[in-house]
Structures are given as C-alpha cells and as structure tokens.
Amino acid sequence: MSKASLEATVDPEKVHGWITQIGSDSSAAVPLLQAIQSEYGYLPRKAMNLVLENTEINASQLFGVATFYAQFRLDPVGRHLIKVCHGTACHVQGADRLNTSLRHALGIVDEKEDTASNGSYTIENVACIGCCSLAPVMLIDGEAFPNLKGADAQKHLVKHAKTKGEILPGHAGEGDDQPADEKEK
Amino acid sequence: MSGDMVITVGEGTCGVAAGAPEITKLLKERFPQAQFKQVGCIGMCHLEVMVEISTGGKSYLWGGLNKKNLPKVVRFHRGQGDLPESMLIRSTDQQQTERSDYLTKQTRIALRNVGQLNPISMDQFRARGGYSAIEKVIKGGMTPEQVIEEVKISSIRGRGGAGFPTATKWTFARGAPGEPKYLVCNGDEGDPGAFMDRSLLEGDPHSVVEGMLIAAYAIGASKGYAYIRAEYPLALKHFAIALDDARKAGFLGYKILGSNFSFDIKIKEGAGAFVCGEETALLASIEGQRGMPRIRPPFPAIQGVFGKPTIINNVETLANIPWILLNGGAAYAKIGTEKSRGTKVFALAGAIKRGGLVEVPMGMSIRQLLMEIGGGSASGRPLKAVQLGGPSGGCIPESMFDTIIDYDAINATGAIMGSGGMVVTDTKSCMVDLARFFLEFTQIESCGKCTFCRIGTLRMKELLTKICEGHGTLEDIDTLAELADRIKDASLCGLGQTAPNPVLTTLKYFRDEYIAHVTDKRCPGGVCKGLITHTIMQDKCTGCSICDRYCPVNAITGELKKPNTWVIDKKICINCGMCVEVCNPDAILAA
C-alpha cells in the first residue's frame with residue numbers, strides 16, 4: 001500500500017445529498033466542506049467541483065474558506081490520524097517531543113510531510129483540545145492518550161499499529177515495551 | 001451487597017481521556033447490580049478518573065483511579081479491606097480532606113451544575129431548578145426591560161475576555177431597528193489553555209440554553225446560533241441533545257410557554273480559527289465566509305449577522321444569567337470587587353499540582369488561587385509566573401502574585417483577564433520560548449487583513465526564534481518592543497491589538513532572561529534547543545543503549561553494555577531531549 005492509494009473515490013450522490021440537506025446558498029459553504037471532510041478525511045477536488053456546480057457558492061469563496069480554517073485539508077490523510085495537541089499547557093510540558101518520536105517511528109523526515117510513506121498514519125498538530133490538565137495529550141483515531149512523554153507516544157503508536165495490522169516504516173525504540181503509564185498499574 | 005449501590009462516573013472529555021470508560025467497565029463487572037450514572041466534569045482534572053459510590057446511606061468520592069488502584073476501592077466496598085485514604089476526596093463521614101479543599105474553597109455559580117448532574121438528562125436539570133428562571137421571566141410577566149434591569153444590577157461583564165457590561169450590550173440591541181434579531185452564543189473557545197466553555201457545554205448544556213433564552217427574550221431575538229468549536233465533539237453532541245429535549249419540553253420553538261415569545265437555536269460548528277473569537281469575524285464565519293473581522297461601527301448590535309441586529313455572548317456569561325434571574329442581580333453583585341462583580345472561572349494548567357477548572361469570587365488574590373486551591377508547584381521547584389489570558393494576555397511574575405482577580409487590577413499588570421486560561425510555569429521554563437510560542441500561534445492565526453498584524457507578528461516571531469537559537473542581539477530586543485507598539489496601533493481587531501502582549505509582559509518582567517539569551521548565549525530555563533547541549537555522564541551510564549534506540553537522528557554511539565563507550569555527537573544532535581527522557585539512571589545532562 002502506498003500513499004497514492006489514499007485518494008478517495010467520491011460518490012456524487014452523497015455530495016448531492018449533503019447539498020439538499022444543508023442548503024445551497026453562500027452560508028452553506030462551511031457546513032458543506034465539513035460534511036465532505038468528515039466523510040473522506042480531506043477535501044477531494046472532485047467533491048469541491050460538485051459543490052461549485054450545484055450551489056450558489058463560487059470558487060473564490062469555496063477555496064477561500066477551505067484554505068482559511070485550520071480544520072480543512074486538501075491532501076489525503078493516512079488510514080489512521082494522530083492528532084498531537086499543541087495548546088499552551090501541552091507546549092510547556094514537551095509536546096514537541098511527541099512529534100519528534102512519532103515522526104521517528106513513522107520514518108517521516110521531510111519537514112513538510114505529515115504522512116508516513118506507506119500511507120498508514122498522518123500526524124496532525126492541533127490547537128488546544130481542552131484537556132490541559134492532562135498535558136501533553138494526543139489522539140489516535142479519536143482515542144485520547146493523556147500525560148505523555150515522547151517515548152510513551154511511540155509505544156502507544158506501536159501498540160496501535162499492532163492491533164490494526166499496520167507496519168511502521170521508521171524506527172521505534174522498543175516495540176515490545178509497555179507504555180510507562182500502563183507499566184505502573 | 002451492591003443492590004442499593006449507585007456509582008456515578010465523571011465522563012467529561014478529561015475523564016474519558018484519563019480512562020473513565022475502562023474504569024466503568026471494570027466496576028460493572030465487579031458490581032453488576034449497581035446502578036450506574038454519568039455526570040460531566042466536576043473540574044478536578046488532576047484527579048481523574050473520579051467515581052462517586054453511594055451505598056448503605058453513605059457516599060464516597062474517589063479520585064485518581066486507575067486499573068492498578070481500583071481493586072483497593074472494590075475491596076473496601078465489599079467490606080474486605082480498609083478505606084484507601086490516598087484516593088478519597090470526601091465521604092459522608094469525612095467531609096474535609098486535603099483534596100476536598102479544591103472544591104470547598106470555590107464559589108460555583110456558572111459551574112453550579114457541572115459534575116452534579118447527567119448533562120443530557122432534562123429531569124435532573126429540572127430537579128436542580130433548571131428552566132425555572134425562564135419560567136419566572138415569562139410566566140411571572142417580567143418585561144424585557146425588567147430582565148435587562150436585573151442583569152444591570154448584577155453588573156456582570158462579558159466573560160469572553162473583553163469584559164464589556166452585558167446589560168449595556170443588550171440595551172443597544174433591544175433598541176436597534178430591524179427584524180429578525182439574532183442571539184449568538186460564542187463557544188469558539190480558541191485560547192489554548194482555556195477549557196471552561198467546553199466543560200459548560202458538555203457538562204451543563206441546558207444552563208447555556210436557558211441563558212440564551214433569557215438573553216433572546218431581553219433583546220427581542222427570534223433566532224439563535226450556538227457557535228461551537230469542532231474540536232469539542234462531546235460538547236457538540238450534548239448541546240444538540242439538549243436542544244432537542246428543550247424543544248420537546250416546549251422551552252424552544254414557537255410561542256414558548258404559551259407566550260408570544262418564539263425562539264430557536266441552530267448549532268454552527270466552528271472550523272478552527274482563533275480570530276473567530278472576534279465578534280465580526282465570527283459573524284462572517286456564520287455567513288459562510290472566511291472569518292475576517294471588519295471595521296466597527298456599525299456594531300453587531302445594530303448590524304450583525306445577515307445585516308440584522310445581533311448580540312454575541314460568551315458561554316460562561318450565558319451560564320450565569322439564569323442564576324442571576326432566579327437569585328436576583330443584587331445577590332450576584334454582592335460577590336466580588338467594586339468594578340468586577342461576581343465570580344470567574346479559571347482553567348488551571350501547567351506546572352501546578354492540582355490543575356482543573358475553578359470558579360472563584362472576584363477579589364481573590366492570584367496567590368490564594370494558585371496555592372490554596374491549586375496546591376502550588378507540581379514539581380516542587382519554585383513557581384516563576386502565570387500566563388493569563390492566553391495568546392492575547394500576558395504573564396504575571398511570582399513577585400506580583402498578590403494581585404487580586406479584578407479586571408482593572410489585572411490590566412494594570414499588562415496581562416488581561418481574558419477568557420480565564422491560567423498556565424503556570426516554574427523555574428524550569430523559558431519565558432522567551434513561551435513568548436515565541438504565543439507569537440507563532442498568533443502569526444499563524446492572523447487572518448492577514450491588516451499589514452502590521454500579518455507581517456509584524458511574523459517579524460516578531462522571527463526575532464524571537466533568532467534569540468531562542470542564540471543568534472540574537474540587544475538591538476533585536478529594542479526592535480521587538482518597537483514592533484509591538486506598531487502592531488497594537490495598526491491592527492483592526494483584538495487579535496492584532498493584543499498579540500504583542502506576551503512579548504511586552506515578558507520583556508517587562510523577565511528582561512534578564514532575554515539578556516541571558518543574547519549576551520551569555522544561555523537559556524536559564526534549559527529549554528531553548530539552540531542554547532543547550534546534551535552530554536552523557538560516564539559515571540552514571542550503564543551502557544544499556546536505550547538512548548540510541550530512541551534517538552531520531554542516530555547521534556548516539558557506543559558498545560552495548562559497556563559504559564564509558566557511549567557518546568553523543570554534538571554535530572548531529574538536535575537537542576530534542578528524547579534521550580534524557582528514556583535514560584533510566586539519569587545519565588544524560590542537558591545544559
């Protein structure tokens with residue numbers, strides 16, 4: 001499996017369905033994009049074109065909105081999404097190290113790249129998710145892991161990859177180790 | 001044995017993240033006959049997972065539960081073990097423990113229901129007096145003017161950050177011509193480090209709905225929007241359920257409670273833009289546009305969403321409103337200081353022992369809040385400063401912790417009350433790095449409309465990065481101060497006007513740290529990567545090789561199990577600190 005296979009196949013019926021449900025005037029731009037992204041994980045060009053053809057929204061507004069808000073992305077995501085919180089509390093407690101160790105395990109070297117070469121995981125930095133007292137925090141496919149150190153993040157990733165049958169293209173420190181916060185229990 | 005047992009689990013976002021679902025599952029296996037309830041977050045995030053177990057007429061509130069210590073609690077409730085003191089927050093027999101101080105020293109008005117009820121139960125909300133304020137208003141025949149008068153007496157100011165008197169805002173919109181009028185609840189809590197709106201929306205959504213109802217009645221609005229961040233999935237879910245239930249119960253919709261007042265609320269999911277905390281940007285976002293602010297006047301109260309009169313109130317402000325109507329504005333005004341009445345919710349995080357949400361009366365000193373409620377430093381190292389108000393705010397140094405919580409007193413320090421995020425730092429933090437972090441945040445979040453905000457914040461970020469990397473000069477510090485003034489003057493909205501605050505306050509109170517970075521090429525907090533090096537202390541190294549395995553750049557070499565052979569190649573090392581973190585004998589020195 002490679003990254004090329006991550007491109008989504010857009011079902012025009014679905015896009016038409018959202019337009020009927022949400023509306024086709026200009027105030028529908030944000031919710032329509034949200035609907036597309038929650039289905040495909042990103043905004044496939046084909047889905048955006050369908051919106052342009054079937055609503056009052058013009059291209060400058062739609063792409064303007066899609067590139068303005070942090071939530072939207074124009075590139076496909078990996079099969080699993082890791083969100084690393086970079087709120088203030090997470091920052092002062094070393095959230096950067098989570099990225100370092102996750103990228104190491106996923107073999108992502110290029111600074112501009114956020115997805116592993118085999119399309120398994122994408123790392124996304126997010127603004128505060130509001131669990132500041134449990135900092136630093138990350139989410140893998142929506143499941144939260146609190147009070148992490150860099151090494152813990154990697155261990156949770158290794159464990160997750162094992163259960164999902166994913167291969168990590170990079171180098172993980174100790175694959176068979178229990179995460180520190182579970183070890184003590 | 002467990003037949004009369006009621007087990008209540010805190011399942012807010014924090015609780016879930018800390019493992020509440022797993023604890024619930026284990027407890028259900030151990031006590032299959034018990035009745036299970038879920039509540040929102042009580043705000044003691046440092047003691048998640050929290051569970052209250054009531055049995056035989058007594059109740060016990062346990063905190064800090066995990067898979068390992070849970071069996072002790074289970075054994076105690078089976079009558080097979082002693083009371084595990086270290087996990088008890090309070091019980092029927094023992095109301096006061098060191099841990100319960102966190103709750104007893106607070107005055108909870110906005111948070112009155114959070115953690116006390118199941119957020120999505122209309123019955124439990126009604127049982128705690130919910131929707132009786134709107135009943136009092138409508139059935140009691142209060143006029144909108146009387147409602148505004150009551151809020152005016154309370155002297156409550158907008159809790160979102162700017163602190164504008166709520167009643168004054170409402171009066172503008174009440175008198176503005178144009179139909180329909182809109183009421184917007186601003187739940188786009190973008191300040192990294194603040195989470196009171198999340199907690200309210202997910203832990204007590206009905207109180208926010210009721211606050212919106214009263215506000216809408218007062219200004220004559222028939223349409224409402226709740227603008228809630230997409231990053232808060234649980235808040236969105238609970239608020240949507242609350243809206244449905246409120247409609248079914250006749251509190252929302254056409255001719256509410258048999259009156260001529262009609263009002264309904266739509267949820268708008270925020271798509272992630274800090275600038276949307278700014279009123280006019282938020283309105284643009286609701287209209288489906290890029291969230292860019294515009295010039296005021298016209299103010300939203302006169303010309304807001306879709307060109308109609310619009311009032312935007314913050315979540316915390318709205319949650320206070322029903323209480324004010326039920327208990328009277330005078331009761332609320334009795335709390336606090338001359339110019340800042342009532343209570344304020346703060347989100348405590350960072351280097352503090354007991355982090356979480358706290359609601360305290362205005363007038364309490366910052367020191368009292370941090371020490372008596374927050375329990376002081378988590379690490380034992382002395383506290384250095386507290387960052388108040390997030391990226392728009394500033395830091396207050398330890399020497400000024402006796403400043404009281406009051407809009408004017410805090411403004412005088414150069415910081416702002418803001419939405420109430422309080423991130424505490426100790427001596428092992430770098431104030432220059434913190435300022436750089438905030439500038440990086442505001443630079444990314446600047447909408448780009450005003451040149452000084454768009455380019456000025458970028459230049460400030462570059463200068464701060466230069467200083468953090470050890471290449472800064474003394475002139476750079478002066479340039480930072482100059483840029484800060486220009487950006488403040490030449491920006492249209494609050495984002496740009498306040499963006500330089502973190503730099504200005506750190507320059508004011510921690511100039512010596514800037515100087516140390518520039519002239520001594522030293523980071524006193526040991527944080528800035530360009531100014532520290534990592535060295536293996538040979539006398540402590542065991543040669544286990546774990547550092548090598550975690551090093552992302554292969555900078556560490558040596559022979560397995562042979563101490564004295566391991567070295568870090570400083571040319572390759574990126575000073576990420578992974579080795580320090582994993583080294584068991586603490587053999588790696590970062591300085």
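The values are calculated or read from the model by the stated rules, or taken from the named source; none is laboratory data. If you're wondering where the values come from, they're calculated on a predicted model, not measured in any experiment. Glycine gets a Cβ as well: all are built from the backbone with ideal geometry, and neighbour counts include every protein chain shown. With ligands, DNA and RNA removed, areas are computed over all heavy atoms of the protein, side chains included. Shrake-Rupley method; radii C 1.70, N 1.55, O 1.52, S 1.80 Å.
For the pair B:E179 and B:F299, the difference between a 0.36 nm per residue extended length and the Cα-Cα distance amounts to 41.6 nm.
The 1.4 Å probe gives accessible areas that order B:H517, A:H80, largest first, as A:H80, B:H517. Simple spin-label estimate for A:L52 and B:D4 gives 7.0 nm between the two label positions (7 Å along the Cα-to-Cβ direction from each Cα).
Of the Cα atoms belonging to the range B:1-118, the radius of gyration and Dmax stand at 13.4, 41 Å.
Per-residue packing, averaged as other Cβ atoms within 10 Å, sorts the ranges B:319-332, B:28-41 into the order B:319-332, B:28-41, beginning with the highest. Across all directions, the average projected area of the convex hull around the alpha carbons of the range B:343-426 is 4.4 nm².
Take the Cα of B:V553, step 7 Å toward its Cβ, do the same at A:D11, and the gap between the two points is 4.8 nm. Counts of other chain beta carbons within 10 angstrom of each beta carbon in peptide B:542-548 average 1. If you plug the beta carbon distance of B:D539 and A:N147 into 1/(1 + (r/R0)^6) with R0 = 30 Å, you get a FRET efficiency near 0.45. Most tightly packed first, judged by the mean number of other beta-carbon atoms within 10 Å of their residues, the peptides B:558-566, B:426-434 read B:426-434, B:558-566.
Legend: residues B:F172, A:F68, B:F438, sorted from most to least accessible area (1.4 Å probe; ligands, DNA and RNA excluded), read B:F172, A:F68, B:F438.
Rounded if a/c is under 1.5, else prolate if a/b beats b/c, else oblate: with a ≥ b ≥ c from the C-alpha gyration tensor eigenvalues square-rooted, which is the range B:431-518? The shape class here is prolate. Averaging the Cα positions of each part gives two centres, and for the range B:497-544 and the range B:309-333 these lie 44 Å apart. Peptide B:576-587 has a mean of 4 when you count, residue by residue, the C-beta atoms of other protein chains within 10 Å of its C-beta. Each of B:L257 and B:D101 was given a label point 7 Å from its Cα along the Cα-to-Cβ line. The distance between the two points is 4.2 nm. Under 5 Å between amide hydrogens, built in the peptide plane, is the criterion, and for A:E124 it picks out A:I82, A:K83, A:V84 among residues at least 5 positions away or on other chains. Structural descriptor for chain A: relative contact order 20 percent, calculated from alpha carbon pairs under 8 angstrom and at least 6 residues apart. Within 10 Å of the Cβ of each residue in A:92-101, the mean number of Cβ atoms contributed by other protein chains is 5.
What shape does the range B:103-251 have by the C-alpha gyration tensor, where a ≥ b ≥ c are the square roots of the eigenvalues, rounded means a/c under 1.5, and otherwise prolate means a/b greater than b/c and oblate the rest? It is rounded, given that a/c, with a ≥ b ≥ c, falls under 1.5. Applying the criteria of a DSSP loop state and at most 13 other Cβ atoms within 10 Å to the trypsin sites (Lys or Arg not before Pro) of the range B:250-359 yields B:K255, B:K334, B:K339. Using the Kyte-Doolittle scale, find the helices of chain B whose mean hydropathy is at least 1.0 and whose Cα atoms extend 18 Å or more along the helix's long axis, counting only whole DSSP H runs. Length and hydropathy pass: B:205-219. Here B:K105 is the anchor, and the lysines within straight C-alpha reach of less than 22 Å, apart from those fewer than 8 places off in the same chain, are B:K334, B:K344, B:K353. Solvent-accessible surface (1.4 Å probe) assigned to B:I109 amounts to roughly 10 Å². For the set B:K28/B:K68; A:K164/B:K68; B:K540/B:K570; B:K139/B:K255; B:K25/B:K68; A:K112/B:K529, the pairs lying more than 22 angstrom apart at their alpha carbons are A:K164/B:K68. By the gyration tensor of its Cα atoms, with a ≥ b ≥ c the square roots of the eigenvalues, what is the shape of chain B: rounded for a/c under 1.5, prolate for a/b over b/c, or oblate? Judged from the Cα gyration tensor, chain B comes out oblate (a/c at least 1.5, b/c at or above a/b).
In the calculated pair distance distribution of the range B:495-591, what percentage of Cα-Cα distances lie above 19 Å? Cα-Cα pairs in the range B:495-591 separated by more than 19 Å: 51 percent.
Across 20 Å bins from 0, what is the distribution of all Cα-Cα pair distances for the protein assembly as shown, in whole percents? Bins of 20 Å from zero give 16, 49, 32, 3, 0 percent of pairs. State the Cα centre-to-centre distance between the range B:111-160 and the range B:382-432 in whole Å. Comparing the Cα centres of the range B:111-160 and the range B:382-432, I get a distance of 32 Å. Using +1 at the C-beta of Lys and Arg and -1 at the C-beta of Asp and Glu, which of A:Q93, B:L492, A:S120 has the Cα lying farthest in the positive direction of the dipole of the protein assembly as shown? Selected residue: A:Q93. Ligands, DNA and RNA left out, the 1.4 Å accessible surface of the range B:6-102 is 45% carbon and sulfur atoms. Please work out, to two decimal places, the log10 of the ratio I(q)/I(0) at q = 0.13, 0.24 Å⁻¹ from a Debye calculation in which every Cα of the range B:489-542 carries one identical scatterer. Ignoring solvent entirely, the Cα scatterers give -0.54, -0.92.
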